[in-house]
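The values are calculated or read from the model by the stated rules, or taken from the named source; none is laboratory data. What you see is a predicted model; the values in this text were computed from it and never measured. Cβ: placed from backbone, ideal geometry, glycine included. Neighbour counts: every protein chain shown.
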Amino acid sequence: MQKISLAIHGGAGTILKEDMTAEMEQAYLLGLEAALEGGYSVLESGGSATDAVKAAVVILEDNILFNAGRGAVFTKDGTHEMDAAIMEGKYLSAGAVAGVKNIKNPIVLAVAVMSKSDHVLLSGKGANDFAQQQGFTLEPDAYFFSAFRHNQWLQMKDGDAYALDHSSAEMKEKKFGTVGAVACDSNGNIAAATSTGGMTNKNYGRIGDTPLIGIGTYANNKTCAISCTGHGEPFIKAVAAYDVSCLMEYKELDLNEAMNEVVNNKLPKIEGEGGMIGVDAMGNLALQFNSAGMYRGAKSSDGTSFVCIYKN
């Protein structure tokens with residue numbers, strides 16, 4: 001019988017128990033649990049892997065704790081620029097958006113690019129124009145305002161430094177703020193989705209790995225579906241998600257072995273910190289990271305069910 005499985009992440013980085021209040025820890029765990037249950041319920045009712053990852057990511061985008069959608073960080077000019085991508089493994093269909101503004105759920109817009117356009121990646125004003133053409137309602141800037149995010153930005157806005165989501169003024173701690181999901185449905189089809197608000201104080205319309213197919217997001221029924229979270233630039237250089245697929249296809253590594261090679265061997269050599277979640281068409285899951293922590297969770301019809309934050 002086909003195993004159904006879902007894994008989610010809400011960002012990786014220097015996430016330490018001693019830096020977290022009990023209330024904040026509980027809030028993050030509840031947020032992860034809600035996304036996991038929301039996505040898995042789609043699979044349980046016979047829904048597609050694509051619909052399941054979209055559902056999970058929408059819940060994370062709507063949660064102000066995570067750097068995506070409503071919780072997106074501030075850019076250099078005090079606005080929000082969001083990226084998202086989705087890919088399904090049966091036909092290699094994909095859709096992505098980069099640098100969009102005032103979109104409540106960038107992942108839903110990425111789905112629209114995949115299903116209602118002849119393109120894969122739309123950016124900036126063009127992506128927003130497409131959203132309005134498709135009937136998306138734009139949210140006011142106030143919807144994306146968080147005092148916590150705003151204070152991060154105020155500490156940095158007069159300099160050229162940028163922060164990877166949750167960073168102190170001394171850059172002591174780093175959390176790579178991205179959310180994502182991977183799933184395998186009852187037909188053995190797999191999908192991946194990823195969404196992010198990028199970096200605090202980012203400039204020049206910077207785009208990271210999230211919306212780049214084969215880098216932050218990838219799915220192919222022959223191998224795996226992958227969603228990444230980390231310092232985007234090294235992940236781009238490593239073509240991280242597709243490299244996992246290649247190791248499975250050409251070297252015949254299994255999912256866990258291939259992800260381990262990329263996350264723990266290849267990425268650290270180019271200062272690539274972060275992690276990824278993956279699933280194959282048999283419903284096997286893997287969640288790996290080389291940072292101190294990663295907000296994550298997994299659920300499968302084999303009885304697996306957990307949400308975690310820290311290394312252990």
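A quick yes/no check of all residues on (1) surrounded by fewer than 20 Cβ atoms within 10 Å (Cβ to Cβ); (2) in a loop (DSSP other than H, G, I, E, B):
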residue	(1), (2)
228	no, no
236	yes, no
243	no, no
253	yes, yes
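Among the residues of the stretch 273-302, those identified as buried (at least 19 other Cβ atoms within 10 Å of the Cβ), in a loop (DSSP other than H, G, I, E, B), modelled with pLDDT of 95 or more and out of contact with any Leu (no Cβ under 8 Å at 6 or more places or on another chain) are 281, 283. Considering only residues of the stretch 257-271 that are touching an Asp or Glu at 6+ places or on another chain (Cβ under 9 Å) and crowded, with 24+ Cβ neighbours inside 10 Å, which is farthest from residue 232 (Cα to Cα)? It comes out as 258.
Name the single residue, out of those in the stretch 34-72 being assigned to a helix (DSSP H, G or I) and charged (D, E, K, R), that is nearest to residue 3 (Cα to Cα). Filtering first and then ranking leaves 44. Scanning the stretch 185-212 for residues that are at pLDDT 80 or above, over 13 Å from the mean Cα position of the chain (by Cα) and not in a loop (DSSP other than H, G, I, E, B) yields one hit, 190. Residue 77 passes every criterion in (1) surrounded by 18 or more Cβ atoms within 10 Å (Cβ to Cβ); (2) farther than 20 Å from residue 13 by Cβ; (3) at pLDDT below 95 apart from (1).
Every condition in (1) touching a strand residue (DSSP E or B) at 6+ places or on another chain (Cβ under 8 Å); (2) in a loop (DSSP other than H, G, I, E, B); (3) not polar (S, T, N, Q) is met by residue 222 except one, and the failing one is (1). The set of residues in the stretch 84-137 that are β-branched (Val, Ile, Thr), in contact with a Lys or Arg (Cβ under 9 Å, 6 or more places away or on another chain) and not in a strand (DSSP E or B) comprises 107, 108, 111, 137.
Does the stretch 56-71 hold any residues that are in contact (Cβ under 8 Å) with a residue 60 or more places away in the chain and surrounded by fewer than 24 Cβ atoms within 10 Å (Cβ to Cβ), and which are they? Correct list: 64, 70.
To keep it simple, each residue is scored yes or no on (1) in contact with a strand residue (DSSP E or B) (Cβ under 9 Å, 6 or more places away or on another chain); (2) at pLDDT below 60.
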residue	(1), (2)
148	no, no
159	no, no
162	yes, yes
171	yes, yes
183	yes, no
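Looking at this structure, is residue 215 assigned to a loop (DSSP other than H, G, I, E, B), farther than 30 Å from residue 22 by Cβ, within 18 Å of the chain's Cα centre (by Cα) and not charged (D, E, K, R)? Against the criterion (assigned to a loop (DSSP other than H, G, I, E, B), farther than 30 Å from residue 22 by Cβ, within 18 Å of the chain's Cα centre (by Cα) and not charged (D, E, K, R)), residue 215 qualifies.
A single member of 47, 10 is within 20 Å of residue 86 (Cβ to Cβ) and within 14 Å of the chain's Cα centre (by Cα), and it is 10. Among the residues here, residue 20 qualifies as surrounded by fewer than 24 Cβ atoms within 10 Å (Cβ to Cβ), over 17 Å from residue 181 (Cα atoms) and in contact (Cβ under 8 Å) with a residue 60 or more places away in the chain. Exactly one residue out of 280, 254 is within 28 Å of residue 33 (Cα to Cα), without any contact (Cβ under 8 Å) to a residue 60 or more places away in the chain and out of contact with any Lys or Arg (no Cβ under 7 Å at 6 or more places or on another chain), and it is 254.
Reported count of residues in the stretch 186-200, each being surrounded by 24 or more Cβ atoms within 10 Å (Cβ to Cβ) and out of contact with any His (no Cβ under 8 Å at 6 or more places or on another chain), is 10. Only one of the numbered conditions (1) modelled with pLDDT of 95 or more; (2) surrounded by 24 or more Cβ atoms within 10 Å (Cβ to Cβ); (3) of a type in the set (Gly, Ala, Ser); (4) more than 16 Å from residue 297 (Cβ to Cβ) is not met by residue 52, and that is (4).
Against the numbered list (1) modelled with pLDDT of 95 or more; (2) on the phi > 0 side of the Ramachandran plot, residue 242 comes up short only at (2).
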